[in-house]
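The block underneath contains the structure these notes are about, expressed in structure tokens.
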Amino acid sequence: MLRVEGLSHNFGGIEALVGLDLVIAERDVVGLIGPNGSGKTTLLNMITGIYKPAAGRIRFRDREISGLEPHEIVTLGISRTFQNLRIYNRMTVSDNVWVAQHSLPGVGLGELLLARADNERRDRAEVERLLELVGLIERRDSLAQDLTLPDQRRLELARALVRSPDLLLLDEPAGGMTPVETGTMAALIRDVALPGRACVIIEHKMDMISALCGRICVLNFGRKIAEGRPDDVLRHPRVLEAYLGMEGMSHA
Amino acid sequence: MIDFIQNCIDGVMIGSGYALLAIGFTIVFGVLRRLNLAYGPSIMLGAFVGTLLYVQFQAQILTVAIATVIGAVVVGMYVERLCFWAIRRGAAIASMVSSFAIWMQLEEVAAIILPERTYPFPALTEMAPLEIGPFFLRSEPLVMFVVAVALMAVVHTVLYRTRFGLAVRAVSENPSAARFMGIHIDAVMFWAFALVSAIGGVAGFLILATDQQVTPYFGLWVTFKGLIAMMLGGMGSLPGAILGGLVLGVVETQSLWYLGADYRDLSAYFLLFLILIVRPGGIMGQALPERERAADRRV
Amino acid sequence: MDDYVVSVLSNIGMISFLALSAYLLLLTGEISFGQQAFFAIGAYLSAIATAMWGWPLWSALLLAAAAAAAAATVIGILTLRLRGLYFSIATLAFAEMVRLLFVIFHYQVVIDGEPVGPDGAEGFRDIRWVFENNVSAAEYMVIIYVVLFIVVALFFRLERSRLGSIFRMLGEDTLLAEMQGLNVIRFKVLASGIAGFIAGIGGAFYAHFTTYLEPQIFNVMLGVHGLLYGLIGGLGTALGPLIGVGLDIGFLEAIRAIQGYRMIVFGGLVAVLLIFMPRGILDEERVHWIRMTWRRWRNAAR
């Protein structure tokens, strides 16, 4: 479904990605790990069109997407969350999810201005359903900035699910959470996000990655240094070497 | 052809004044990442203090110069404390908005201090124009040019050969890193502002002493010239500021000569607009830097 | 109602259009120093239509606003792909170009033996539609406020619609908006066009109120004022910029003691206010709080 071939990118002399190859099939759950700065987020940024590759290609369902704009790529069925958490702080929780529906097919300019009552009801009901799914229905009228961090991450998840994406990219979905919160988040992802779609999860929390992912890909300095089943990869000498001395390896 | 070269000469001399103004904007932008829109009016108020001394007390030219610079610095301090230091670092827009609120305020103060349309300003020099072949070098712009170049050399020395200058450059590059290295950011910003205000005061003085008159529109005029010159050369680049100033001076002089007074300012703005659309990085900047999407956070 | 009050209220009404115009762009995260250019286009074109071509006010108003909107759309397409600060300066450059173009713009026709029309820096006199049609000052004020009311009502509708939320999304987090499938430039250009239309209406009213136009009126200061009103009144609601206008032209004007010092006081007030309320008096959080409190109060009352 997603095919990354020989992908390379640099930022003014710093090689962020070097000749990366990756294949993700429908319903694959792939973990992406590596020390800070190894290019994980850059890869997501490139898949979603924020950066155009210096070399290499990205194909989604046999369609070249490396030249497309982000807003076009999203409509193809790819959704993501952000490492630094991006939500509309000054909007309510339910509005944060509601606004993700804007670019769904069927929402033309007319709808943007004056939505038909039954469409509006249906859309709002969908928002409620998603909030219920992630457990935020009680906080629907709070401003997003007033939520706790774990709740904000759930909000991001709900928002990413609005378009029922076929490929979901999660960038440190448990970032900043305590072990207990991480466990809850992992369960939520497993129950709500994973079913029916492919997923790439970037994380530093190995227990979570092992529990959720069928396959792990390890990056270091922009190159793939290992790929395979979690048990194998996490014992791989090169992987251990890459992490030695780094605090990235936590068993949360 | 002779006219063209004469215009270039005149333009470069006038442009040196613009270059100083652009340097002022550039340093503030580099250190604070914000535009100080009250820059022009603060220089104007400094000039008005000098004018007051000249008109009321028949002060000497040097006294007027010093008064102008001191006035500009004092007002600059007021602006810095109120608009930039007092507003927490995150709220960049609020700072800029604050600076235009103060801009309004200062314009009105100026109108109150000196209500007439125009006032005389002492002449920079009484020398006769120099003649080099078929070209005339009027003495006032020439003196302005010489002083401006000297001042640019001073600024360069300060920025590249003093510890203060190093601190300024460090803060411009990366404020958080600078703070970790023990640089006192607030102090650096304060003194950089003071330096910039002084440069502005000198530039304002030079320009006015060349024109020998000052009007209440001077504040706005300074802001525009400085901004245009800075953007022409490339925002954030000091050599760009200088180049931009000179280019602006030449473009103005040429259009004044060939198209007439009405088109002089119009050409300057048109050039600015064109540069922004075609090459926002300015003459010295990159064509269009890769969009820093990751850092695209609002206030 | 005495003439002075009518005059002040009319001023508030007309400048509110300019403030709303700047506000709409501010919502999308863009600071435009150039809305006064569209105000000017609205003023001049509507005046030309009524004073020189004999058009009635309504058609002149629509023509002028449409022209302003078209100009705003074109400028938007050219400039909105620039990053924030560059965009702001481009709008400044554009507005000054417009002003200077009006300085060299001469177009006159002879009516009843007298030349009528914009005459560059000399100005454009005798925009007499109001007198020729026996509209009193008070009646004119009412017309301004009726149209203003309609525009504000439309803004309120916009806030509840998807389009309104799109504008706000652009202002809060452009990258995120893009990640949700929105073509950022297209929507910003749309906002620019609408903002131009609103400014054009204001300008048209202004021309027929003062009956005299000159390029100097439409300077950067006017544009900066427009921006300040929204930023100090608050960006949470369309009432924000109106509060800003009311504060400056209404409240401060009323204080006789500070007659000649209004800008000093207003400028200082804005600077101080921004230290404590960087997003204005009625910012999004306050508006949200008001909305929630109102809802709770209403539910409790049942």
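The values are calculated or read from the model by the stated rules, or taken from the named source; none is laboratory data. Worth saying up front: this structure is predicted, and the values here are computed from it rather than measured. Using ideal geometry, Cβ is built from the backbone for each residue, glycine included, and neighbour counts are taken over all protein chains shown. The protein model used for the area step is the full one, side chains on, heavy atoms only, and it has no ligands, DNA or RNA in it. Shrake-Rupley method; radii C 1.70, N 1.55, O 1.52, S 1.80 Å.
Calculate how steeply helix C:57-79 sits against the longest principal axis of the alpha-carbon atoms of chain C, using the helix alpha-carbon long axis, and give the answer as 0 to 90 degrees to the nearest 10.
Helix C:57-79 and the main axis of chain C meet at about 60 degrees.
Within segment C:259-302, what residues put their amide N at less than 19 Å from the label point 7 Å along the Cα-to-Cβ vector of B:Ala86?
Counting only backbone N, you get C:261-282.
Please compute, for peptide A:88-99, the average count of beta-carbon atoms on other protein chains lying within 10 Å of each residue's beta-carbon.
4
Take the Cα coordinates of the protein assembly as shown, assign each an equal point scatterer, and use the Debye formula without solvent to give log10 I(q)/I(0) at q = 0.06 Å⁻¹.
Relative scattering, expressed as log10 I(q)/I(0), comes to -0.46.
Count the net charge of all other residues whose Cβ sits under 12 Å from the Cβ of C:Val265, scoring Lys and Arg as +1 and Asp and Glu as -1.
Net local charge, C:Val265 excluded: -2.
Taking only DSSP H segments of four or more residues, each worth -39500 (n - 2.57), what value at 222 nm results for chain C once the sum is divided by all its residues, to the nearest 500 deg cm²/dmol?
Mean residue ellipticity at 222 nm (helix-derived): -22500 deg cm²/dmol.
Could you give me the percent of Cα pairs per 5 Å distance bin for chain A, shortest bin first, beginning at zero and ending with the bin that holds the maximum distance?
1, 6, 13, 17, 19, 16, 13, 8, 4, 2, 1, 0, 0
What is the calculated FRET efficiency for A:Asn84 to C:Ile104, with r their C-beta to C-beta distance and R₀ = 60 Å, to the nearest 0.05?
After rounding, the FRET efficiency stands at 0.70.
In what sequence, largest accessible area first, do C:Glu172, A:Glu69 appear using a 1.4 Å probe?
Ranking C:Glu172, A:Glu69 by accessible area, largest first, yields A:Glu69, C:Glu172.
Using only helices, what value at 222 nm comes out for chain B when you add -39,500 (n - 2.57) per DSSP H run of length 4 or more and divide by the total residues, to the nearest 500 deg cm²/dmol? Intermediate values should be presented prior to the final figure.
Numbers: 11 runs with 214 residues, N = 299.
Calculated mean residue ellipticity at 222 nm is -24500 deg cm²/dmol.
Pulled fully out, how much extra length does the chain show between B:Arg161 and B:Met1, if you take 0.36 nm times their separation in residues and subtract their Cα-Cα distance?
Taking 0.36 nm per residue and subtracting the Cα distance, the gain is 53.4 nm.
Which whole number gives the average, over all residues in C:159-167, of C-beta atoms from other chains lying within 10 Å of the residue C-beta?
Working: counts 0, 3, 6, 14, 7, 2, 8, 4, 0.
Average neighbour count from other chains, rounded to a whole number: 5.
What percentage of the solvent-accessible surface of segment C:3-218, computed with a 1.4 Å probe over protein heavy atoms, is contributed by carbon and sulfur atoms? Display every interim value, and only then the final one.
Numbers: 4810 of 7400 Å².
Of the solvent-accessible surface of segment C:3-218, carbon and sulfur hold 65 percent.
What number comes out for the charge environment of B:Ile61, summing +1 per Lys or Arg and -1 per Asp or Glu over other residues with Cβ under 15 Å away? Let's see the in-between values first.
Details: positive: none; negative: B:Glu126, B:Glu140, B:Asp211.
Summing Lys/Arg as +1 and Asp/Glu as -1 gives -3.
Just the Kirkwood number for segment A:87-164, please: inverse of mean 1/r across all distinct Cα pairs, in Å, one decimal.
Computed over segment A:87-164, the radius equals 12.6 Å.
Residues of segment A:76-91 with backbone nitrogen within less than 13 Å of a virtual label 7 Å along the Cα-to-Cβ line of B:Ser176, please, listed as ranges.
Backbone N within reach: A:84.
Along segment C:91-103, what does the Karplus equation 6.51 cos²θ - 1.76 cosθ + 1.60 (θ = phi - 60°) give for ³J(HN,Hα), rounded to whole Hz, x for Gly and Pro?
Listing the rounded values in order: 5, 4, 4, 4, 4, 5, 4, 4, 4, 5, 5, 5, 5 Hz.
What number of lysine-lysine pairs in the protein assembly as shown show an alpha-carbon separation below 28 angstrom, given a sequence spacing of 8 or more or placement on distinct chains?
For the protein assembly as shown, the number of qualifying lysine pairs is 6.
Taking a probe of 1.4 Å and counting only protein heavy atoms, give the total accessible area buried between chains C and B in Å², rounded to the nearest 100.
Counting protein atoms only, the buried area is about 4400 Å².
Please compute the alpha carbon radius of gyration of chain B, then divide it by the globular-protein estimate 2.2 N^0.38 Å. Two decimals is fine.
Numbers: Rg = 19.1 Å, N = 299, 2.2 N^0.38 = 19.2 Å.
Cα Rg divided by the expected 2.2 N^0.38 Å: 1.00.
Using the heavy atoms of the protein chains and a 1.4 angstrom probe, tell me the accessible area per residue for the protein assembly as shown in square angstrom.
41 Å²
Could you give the length gained by full extension between B:Arg169 and B:Ile283, i.e. 0.36 nm per residue of separation minus their alpha carbon distance, to one decimal place? Let's see the in-between values first.
On the way: separation 114, 0.36 × 114 = 41.04 nm, distance 2.16 nm.
Difference between extended and current length: 38.9 nm.
Rounded to two decimals, what ratio of Rg to Rh does chain C give with C-alpha atoms and a Kirkwood Rh? Before the final figure, lay out each step's value.
Values: Rg = 19.7 Å, Rh = 20.0 Å.
Computed over Cα atoms, the ratio is 0.99.
Measure off 7 Å from each Cα along the Cα-to-Cβ vector at C:Arg302 and A:Leu149, then give the distance between these two points in nanometres to one decimal.
3.9 nm
Could you report the accessible area of B:Cys8 in Å², rounded to 10, computed with a 1.4 Å probe on the protein chains as they sit in the structure?
Roll a 1.4 Å probe over it and B:Cys8 shows about 40 Å².
Heavy atoms only, probe 1.4 angstrom, no DNA, RNA or ligands counted: give me B:Lys225, A:Lys52 ranked by accessible area, highest first.
A:Lys52, B:Lys225
Cβ neighbours within 10 Å, averaged per peptide: list A:32-38, A:137-143, B:240-246, A:116-122 in order, most packed at the top.
B:240-246, A:32-38, A:137-143, A:116-122
Take segment C:85-193, compute every pairwise Cα distance, and split them into 10 Å bins from 0; I just need the percent in each bin.
For segment C:85-193, the pair-distance distribution reads 11, 21, 25, 25, 14, 3, 0.
Given R₀ = 35 Å, FRET efficiency for C:Glu122-C:Ala66 by Cβ-Cβ distance, to 0.05?
Between C:Glu122 and C:Ala66 the formula returns 0.80.
If you roll a 1.4 angstrom probe over the protein chains with everything in place, what fraction of the accessible area of segment A:87-164 belongs to carbon and sulfur, to the nearest %?
Carbon with sulfur: 49 percent of the solvent-accessible area.
So how far apart, in nm, are the two label points at C:Trp58 and A:Arg238 if each is 7 Å from Cα heading toward Cβ?
7.7 nm
Shielding of B:105-118 by partners, i.e. mean partner chain Cβ atoms within 10 Å per residue?
Whole-number average of other-chain Cβ neighbours for B:105-118 is 3.
Which residues' amide hydrogens lie under 5 Å from the amide hydrogen of A:Gly34, considering only partners 5 or more residues apart or on another chain, with H built in the peptide plane?
A:Leu219
How much net charge surrounds B:Arg279 when only other residues with a Cβ under 14 Å from its Cβ are counted (Lys, Arg +1; Asp, Glu -1)?
Within the 14 Å Cβ shell, the charges total +2.
Just to make sure I understand: if all protein chains stay in place, what is the order of C:Glu30, B:Glu140 by accessible area at 1.4 Å, largest first?
Ranked from most to least accessible, the order is B:Glu140, C:Glu30.
Between C:Phe131 and A:Arg122, what is the spin-label point distance in nm, taking each point 7 Å from the Cα along the Cα→C-beta axis?
With each label placed 7 Å out from Cα toward Cβ, I get 6.1 nm.
Add -39500 (n - 2.57) for each DSSP H run of 4 or more in chain A, then divide by its residues: what number comes out at 222 nm, to the nearest 500 deg cm²/dmol?
Result for chain A, helices only: -9000 deg cm²/dmol.
So what is the relative contact order for segment C:3-218, in percent, with contacts set as C-alpha pairs under 8 Å and at least six apart?
Contact order relative to length: 43 percent.
Using the alpha-carbon atoms, what tilt in degrees (0 to 90, nearest 10) does helix A:149-161 show relative to the longest principal axis of chain A?
Between the helix axis and the principal axis of chain A, the angle is about 80 degrees.
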